[in-house]
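One structure is given below, encoded as structure tokens.
The values are calculated or read from the model by the stated rules, or taken from the named source; none is laboratory data. It should be emphasised that the depicted structure is a prediction, and the values quoted were computed from it without experimental measurement. With ideal geometry, Cβ positions are generated from the backbone for all residues, glycine too; neighbour counts draw on all protein chains shown.
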Amino acid sequence: MNVTRNTRNALIQISKQNKVFLEGNILKLIRVDDDDDEFKEYLKECKRRDNTSRKKRLDVTKRVQSQNKQLETAAKENETLMQDLKVALNEAESLRDEAVEDLDILQKRTQFELIGLIVRVALIIIVSVGALTTIMYLVALLSSKDTTILGNAWSNMFGILLTNSFSIIGTIMGVKYATEKNQ
């Protein structure tokens, strides 16, 4: 491709004034007269600048590709870590739920054992007091003494024992019912 004298002069002038040069494959197509050293130098400078800018663009492209690969690798690692975290979180929640359930069962069992112990002790006391009072009343009856006062005391004692036993059992059942409702 031949360049006219005006175009040649304009290109050289633009390069001197604005530092703007031709780039790209167009440089391969331009023909230069053998006696035009100034235009040969201009094209030589254009080719040198073009090679330099291509190398810079290539370096930038390689750097960007390398960074993209690193980002993709990091994104995959992040995704893997997120999945591992979700699995660990689910396991932790499952273990927490099991621990809460075990604690609840242990508390209920402990409460049940405590209530059973209280009822047993209360019944033993009530039965023993009733038996002792009955034995004392029988001894008084067999000894043929006046048992009117003792009979009334014995009757009152059994009434009190019966009332107390129902009161204790009712209180225990009320506490058990109240704690079940709160949970």
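Just to be sure before I move on: is residue 143 over 30 Å from residue 168 (Cα atoms) and surrounded by fewer than 10 Cβ atoms within 10 Å (Cβ to Cβ) in the structure I sent? Answer is yes for this residue. Pairing residues of region 150-165 that are under 15 Å from residue 127 (Cα atoms) with residues that are of a type outside the set (Val, Ile, Thr) and surrounded by 14 or more Cβ atoms within 10 Å (Cβ to Cβ), at Cβ distances under 7 Å and at least 6 apart in sequence or on separate chains, gives 154/137; 158/130; 161/130; 165/122. Taking the stated definitions as given, is residue 77 closer than 30 Å to residue 11 by Cβ and among the acidic types (Asp, Glu)? Taking the combined requirement at face value, the residue does not satisfy it.
So that you can scan it fast, the table gives a plain yes or no per residue for (1) modelled with pLDDT of 80 or more; (2) hydroxyl-bearing (Ser, Thr, Tyr); (3) on the phi > 0 side of the Ramachandran plot; (4) part of a helix (DSSP H, G or I):
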| residue | (1), (2), (3), (4) |
| --- | --- |
| 67 | yes, no, no, yes |
| 109 | yes, no, no, yes |
| 123 | no, no, no, yes |
| 133 | no, yes, no, yes |
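Looking only at residues in region 81-116 that are polar (S, T, N, Q) and free of Cβ contacts under 8 Å to residues at least 12 places away in the same chain, the one that is farthest from residue 173 (Cα to Cα) is 83.
For region 13-40, a tally of residues being part of a helix (DSSP H, G or I), modelled with pLDDT of 85 or more and either among the aliphatic types (A, V, I, L, M) or within 18 Å of residue 53 (Cα to Cα) (or both) returns 3.
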